[in-house]
Amino acid sequence: MSGYPPEMQESVRMVEATRPRRLKETFPTMSLEEREALLKAYHPDYKDETFRAIRVGVSKGQRMPHELADVVEGRPHIGPDFDLTPIAETDVLVIGGGGAGASAALLAQENGAKVILVTKLRFGDANTMMAQGGIQAADRPNDSPTIHYLDVIGGGHFTNVPELVEALVMDAPFVIKWLEELGMMFDKEPDGTMVEAHGGGTSRKRMHSARDYTGAEIMRVLRDEVRNREPDITVIDFSPAIELVLDDKGQVVGAVVMNLETGAKGYIQAKAVILATGGGGRLHYQGFPTTNHYGATADGVVLAYRISAPLGYLESMQYHPTGAAFPEQILGQLVTEKVRGLGAQVVNKYGEQFVYPLEPRDVESAAFLRECARGNGVVTPTGQVGVWLDSPMIDIIHGPGTIQRALPAMVRQFARFGIDMTKEPILVYPTLHYQNGGVRLRADGSTEIPGLFIAGEVSAGVHGHNRLMGNSLLEILVFGRRSGRNAALWSHQVKPGKPTLAHLEKWNRELEEAGVNTGVVSPILLPDYTRKK
Ligand code: MEZ
């Protein structure tokens, strides 16, 4: 019995009918000109009216979605007179409990620092945990960091910061080795070599995976290793940072954190801080659903900006083409790009292909949006529109059992709702997945603010205006490691001055003078799902 209502089953039958023909048919990739025209017409980043320039601070004029601008221009939780008697002291304070934070903590500790890691929810409640498809690294004879570099730069529309891309691709093979040494169970061929696949926009197969729960497997080994290193690393759950603290020389010397349960606030003094707070998918730009975890509210961008760390690339968000569009209970949840990598085609309500399945993500998403706007999408009983991802083709191409073996989490996710993706297609629609921009990063993991280091999705510049699949799991580890090491080295030589929150006086004054009042206290910490009038 199908999990789809009768009106959707009619379209499923059309998809089945075109399958024999489509098996022999390869849809052509687009030219660069076609891609640019499609993006301009349909990608959400080009909807000018949904963006605005921020009105205060060092990156005044930077465009970003309204929802993000409202929190970036928000008022602080505390005043400049907040009591800065420390509740704890450490060498390196890591803010964020995902893959970037965990790897930063490990490297800081290995380089002789005492570390405290604070995390908003539980250690591991992060986008890393939810990442599915894989992690890129050029480690095969037919591949090289140079080819990986060219793919990354091309995917990013040649707007990436070259030194950051160089760091990303050069460290990549080493990161894979490191993960194996930590005990990660990668997918392997019978001869012990890595299974490696294509992602959208990659010219070589270099996606390393652990089935379709690669991020969870990475987080498993990192978290175990952090726990092994207690008490040199102390983890404090449910304690988000609400303000960074500078000293009287302008160096970062810790953060004020909030106990999420009691609301109590206190200052953790540190010689260096690493921000690894992830992105902001839960701000639901333009009303899009998201793949992101519950705590993804762009806190790091808010915190860093208030102490004058420059921002960049925030006019660019990533919409993953394949978010679940049916059933409604899982709207927006990730359907890994690996499904297309394994051979699933994308088709409209008539069962016809309309786009090459592995265009770069922004292009692929724009093509889905265009097809739906043309009235060729499938509409669900609750009014959500989507296109079909013809998953059964994977077993047809590679043999029965492939889907179950390669995508066990995905199969289970849909089976809960009576949909057997080994036999029926799944309905998908673009979903807010990743912020391409954030706080400007340097290749050693530092920022323009002394003592402030960053890693992962909070940072800007690695991916330019479009990230390719598998480069975010890579980024969190490459820059997590770099920021951890360099924060530790900084902590050994810095001479901290007197802690102060004087920057808040300046911030509040600037907002007043510019007449800015967004009515938001930020970082907002958790998304607001209350019903609006
Ligand atoms: O890098 C990603 O965003 C990724 C691997 C997502 C996916 O489709 O699985």
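The values are calculated or read from the model by the stated rules, or taken from the named source; none is laboratory data. Keep in mind that this is a model prediction, so the values were computed, not measured. Every residue, glycine as well, gets a Cβ built from its backbone with ideal geometry; the counts of neighbours run over all protein chains shown. Keep in mind that these areas ignore ligands, DNA and RNA; they rest on the heavy atoms of the full protein, side chains included. Shrake-Rupley method; radii C 1.70, N 1.55, O 1.52, S 1.80 Å.
Only helices enter this figure: runs of n ≥ 4 DSSP H residues, each worth -39500 (n - 2.57), summed and divided by the residues of the chain, yield -10000 deg cm²/dmol at 222 nm to the nearest 500. Ranking Gly98, Leu260, Ala138 by how far each Cα lies toward the positive end of the dipole of the chain (charges on Cβ) leaves Leu260 at the top. In degrees from 0 to 90, rounded to the nearest 10, what is the angle of the helix 361-373 Cα long axis to the longest principal axis of the chain? The answer is roughly 60 degrees.
Listed by chain and number, the lysines whose C-alpha is less than 19 Å from the C-alpha of Lys265, apart from same-chain residues fewer than 8 away, are Lys120.
Annotation for region 225-271 versus region 10-61: alpha-carbon center distance of 40 Å. At q = 0.06, 0.08, 0.10, 0.11 Å⁻¹, what base-10 log of I(q)/I(0) does the Debye formula yield for the chain when every alpha carbon is treated as an equal point scatterer in vacuo? Each listed q corresponds, in turn, to -0.28, -0.49, -0.77, -0.92.
Axis of helix 145-155 versus longest Cα principal axis of the chain: the two differ by about 80°, to the nearest ten degrees. From the alpha carbon centroid of region 469-533 to that of region 288-304 is 12 Å.
Among the chymotrypsin sites (Phe, Trp or Tyr not before Pro) in region 137-223, those located in a DSSP loop and surrounded by at most 15 other Cβ atoms within 10 Å of their own Cβ are Phe158. Hey, what angle do you get for helix 6-23 against the long axis of the chain, alpha-carbon based, 0 to 90 degrees rounded to 10? That works out to roughly 80 degrees. When both bridge partners sit in the chain, DSSP labels roughly 60% of those beta bridges antiparallel. Looking at region 360-475 alone, DSSP beta bridges between its own residues are antiparallel in about 75 percent of cases. Taken over the Cα atoms of region 397-466, the convex hull encloses 171 Å³ per residue.
Report D for region 181-226 in µm² per second (integer): Stokes-Einstein, Kirkwood Rh on Cα pairs, 4 °C, 1.567 mPa s. Translational diffusion coefficient: 111 µm²/s. Cross-link partners for Lys271 among the aspartates and glutamates, with Cα-Cα distance under 18 Å and sequence neighbours closer than 8 places in the same chain left out: Glu89, Asp91, Glu110, Asp232, Glu243, Asp247, Asp248, Asp444, Glu448. In region 70-204, the C-alpha radius of gyration followed by the widest Cα-Cα span (Dmax) gives 19.5, 64 angstrom. A cut-off under 9 angstrom between Cβ atoms defines the neighbours of Lys205, and their net charge, with Lys, Arg +1 and Asp, Glu -1, is +1.
Taking the 1.4 Å solvent-accessible surface of the chain as the whole, the part contributed by carbon and sulfur is 52%.
For the peptides 449-457, 193-201, 278-286, residues were scored by their other Cβ atoms within 10 Å and the scores averaged per peptide; the highest-first order is 449-457, 278-286, 193-201. Counting every C-alpha pair in region 302-343, the share spaced more than 17 angstrom apart comes to 58%.
Could you check how many percent of all C-alpha pairs in region 306-415 are farther apart than 21 Å?
Every Cα pair in region 306-415 considered, those over 21 Å come to 42 percent.
Treating each Cα of region 1-46 as an identical point scatterer and summing with the Debye formula, the log10 of I(q)/I(0) at q = 0.15, 0.21 Å⁻¹ comes to -0.71, -0.78. Packing order of peptides 75-83, 38-46, 237-245, highest average first: 237-245, 38-46, 75-83 (average count of other Cβ atoms within 10 Å over each peptide's residues). The heavy atoms of Thr146 present about 90 square angstrom of accessible area, all protein chains included, probe 1.4 Å. A convex hull fitted around the alpha carbon atoms of region 429-533 yields 177 Å³ per residue. Scaling the Cα radius of gyration of region 373-496 by the globular reference 2.2 N^0.38 Å produces a ratio of 1.57. Length gained on full extension, Ala373 to Ser203, computed as 0.36 nm times the residue gap minus the Cα-Cα distance: 58.1 nm. Between region 145-216 and region 311-372, how many Å separate their Cα centres? Here the answer is 21 Å between Cα centres. For region 371-506, the solvent-accessible area of protein heavy atoms averages 33 Å² per residue (probe radius 1.4 Å; ligands and nucleic acids excluded).
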